[in-house]
Amino acid sequence: MYLLETEGLSYQFRKEETVLNNIQLQVPEGSIYGFLGPNGAGKTTTLKLVLGLLRKQKGRVRIFGKDLDFDRLSILQQTGSLIESPSLYLHLTARENLLLYQRIYQCNPNRISYVLELTGLSHTGNKRCSSFSLGMNQRLAIAVALLHNPRLLILDEPTNGLDPSGIIEMRELLRSINRNMGITILISSHLLSEIEKLATHTGIINNGSLVFQGTFSQLMQQQQAACSLFYKTSDNLAAQTFLRQRNIVVDMDQDTLILPLLPREEIARINRELMKEGIDLFQVHAPETSLEQTFMNLINQN
Amino acid sequence: MKLLTASLQAEWMKTKRSAAWWLVITGGLLIPVILLIGRFYNHELIPAENAAPIVWTKFYSRAWNYMGNLLLPMGVILVTSLVAQVEVRNNTWKQLHTAPLPYSIIFLSKLTVILSLLLLGFVLFNLATFGMITLPAVFYQDVFFPKAPFPFKGMLLGNAKFFLDMLPIVAFQFLLSLQFRNFLIPIGAGFGLYVASMIGMNWKYGYILPYIYSSYEFSGKSTIGATQFNFHWLPAIYCLLFTGISYIIYLTKADKT
């Protein structure tokens, strides 16, 4: 059971320009789901569709098991959001902004002091939001999103424009919200390092298509399965014949044999057998795959 | 009903310390205060003026003349655009549209707050005009409070007519402000239409101009052309028409950010 699911979500701004193509997001309950992708990949459009801010053209959005088309208000009652930049009434104070939303959500007025405390803004008093720093406004926007104690928080690039200490503060805040309150967080970013440090699950979008979805360890496994092993031997032709006899797919590129990445034990066994056949091994190389490289590979493949 | 009340409260809070709020207060008080200063300047005329049986009508008409012909339409154009565009200026449409409120409630609340501000402006203007007529009696020993009975019914009717005359302006400015993100478009269009209405005052078919009706009040006409049709139906019809179009445009907007 996923807290948020989309089925076949597609979107076009113009007829010839497909912005999203068959997006199947699956956000597990209790997770921090990092929605990753380069700028212009379709992250914000997806999140706007999920929140009903853009009129849906194709596909379905289900949140808390309910269809957005039929239960929009009850879904929004349990969802907090921050899309792109903070949305605040700059001529009002932090407390007044929250009071305004407290009326709309009809939640307990004590929540105002609670979320101000949680986001470290209880000292702002009569200061208007127009004189807040970007970091403070960003935190206030999170406070607004948390005011009604939502089950799901949807945040679109919440660390945009923050300095390094602001980014760390934001990360800690989100982590504690997830752990201590059990709030599921769907957070988008174009920064892999940011998502890697925070998220439990990830979805990678590129050119409007979801190219990966799962946990980070699944991402690494998937990528490693697509990796290769490089051999340089004293007799590449004999080694190729020997390996093919054992049903191992081998390609040759100049003086290098290319095999699919195999388990470590299998590599050791092949090495021993090649040595027994009198073939010397000059080099056995399995390139390390970093998460960053994996991400770039996925983006470039697409 | 609970949602509408909550939304109205929220919309009203947004006007706090806003330019629209100050404009309503200033606009409501400006003309009576200027006239009061004028009365104090010519204070030797006040005893005779306050003793005259037409004192209320005379000063209310004078105040409404300045207000209705110029300040009121301009003020309505500005206040409506300022209130309707508060979300654009603060980039808050997306937050408001992800709140659990039906679109119809959001639309209705905004329009109600604009009309409430307009009503507040009317109340302030009337109270200040009352003060303008009566206050000199507090400061000068030889000046008495007006003895003539206060024309309550006539004053209410006059206010109601001006309020009705303003409704097409409110509705059209609201439509423009919801449709365009650039603040200059509703303001520019509003002022342009107002000037066009002034030019069209002597035109045979001037009554079709939606921004003309408050000036029409002073022309002594109450019917359209040679017909017996009361022109006050026209602002009501325009208001309903513009509000309907505006609601449909708002509801069917594909991008609600």
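So the values come out like this:
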{"quantity": "Failed criterion for residue A:32 (all others in (1) buried (at least 17 other Cβ atoms within 10 Å of the Cβ); (2) more than 8 Å from chain B (Cβ to nearest Cβ); (3) over 22 Å from the mean Cα position of the chain (by Cα) hold)", "calculated": "(3)"}
{"quantity": "Test set (1) open to solvent by 30 Å² or more (accessible area, probe 1.4 Å); (2) at pLDDT below 95; (3) within 15 Å of the chain's Cα centre (by Cα); (4) within 12 Å of residue A:10 (Cα to Cα) - residue A:38 fails condition number", "calculated": "(4)"}
{"quantity": "Residues satisfying the stated conditions in the range B:203-221, i.e. under 17 Å from residue B:167 (Cα atoms) and not in a helix (DSSP H, G or I)", "calculated": "B:209, B:210, B:211, B:212"}
{"quantity": "Test: residue B:187 is more than 28 Å from residue B:60 (Cα to Cα) and open to solvent by less than 30 Å² (accessible area, probe 1.4 Å)", "calculated": "yes"}
{"quantity": "Identity of the residue in the range A:275-302, at pLDDT 90 or above and surrounded by 14 or more Cβ atoms within 10 Å (Cβ to Cβ), that ends up nearest to the chain's Cα centre (by Cα)", "calculated": "A:281"}
{"quantity": "Of the criteria (1) outside any loop (DSSP other than H, G, I, E, B); (2) touching a strand residue (DSSP E or B) at 6+ places or on another chain (Cβ under 9 Å), which one residue A:273 fails", "calculated": "(2)"}
{"quantity": "The range B:73-93, subset within 14 Å of another protein chain (Cβ to nearest Cβ), of a type outside the set (A, V, I, L, M, F, W, C) and in a helix (DSSP H, G or I), residue nearest to residue A:91 (Cα to Cα)", "calculated": "B:90"}
{"quantity": "Subset tally (residues that are open to solvent by 70 Å² or more (accessible area, probe 1.4 Å) and under 15 Å from residue B:166 (Cβ atoms)) for the range B:234-257", "calculated": "2"}
{"quantity": "Condition check for residue B:49: at pLDDT below 90, open to solvent by 70 Å² or more (accessible area, probe 1.4 Å) and away from chain A (no Cβ under 14 Å)", "calculated": "no"}
{"quantity": "Odd one out for residue B:221, checked against (1) crowded, with 19+ Cβ neighbours inside 10 Å; (2) over 21 Å from residue B:122 (Cβ atoms)", "calculated": "(1)"}
{"quantity": "Subset of the range B:128-167 [without any contact (Cβ under 8 Å) to a residue 24 or more places away in the chain and of a type in the set (A, V, I, L, M)]", "calculated": "B:138, B:156, B:157, B:160"}
{"quantity": "Per-region count, the range A:277-288, residues under 17 Å from residue A:244 (Cβ atoms) and not β-branched (Val, Ile, Thr)", "calculated": "1"}
{"quantity": "Listing of helices (runs of 4 or more DSSP H) fully contained in the range B:94-179 that carry 3 or more residues being within 14 Å of another protein chain (Cβ to nearest Cβ) and either within 28 Å of residue A:48 (Cβ to Cβ) or open to solvent by 60 Å² or more (accessible area, probe 1.4 Å) (or both)", "calculated": "B:103-134"}
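The values are calculated or read from the model by the stated rules, or taken from the named source; none is laboratory data. Given the structure is predicted, the values throughout are model-derived calculations rather than measurements. Neighbour counts are summed over all protein chains in view; Cβ atoms, including those assigned to glycine, are modelled from backbone coordinates with ideal geometry. Keep in mind that these areas ignore ligands, DNA and RNA; they rest on the heavy atoms of the full protein, side chains included. Shrake-Rupley method; radii C 1.70, N 1.55, O 1.52, S 1.80 Å.
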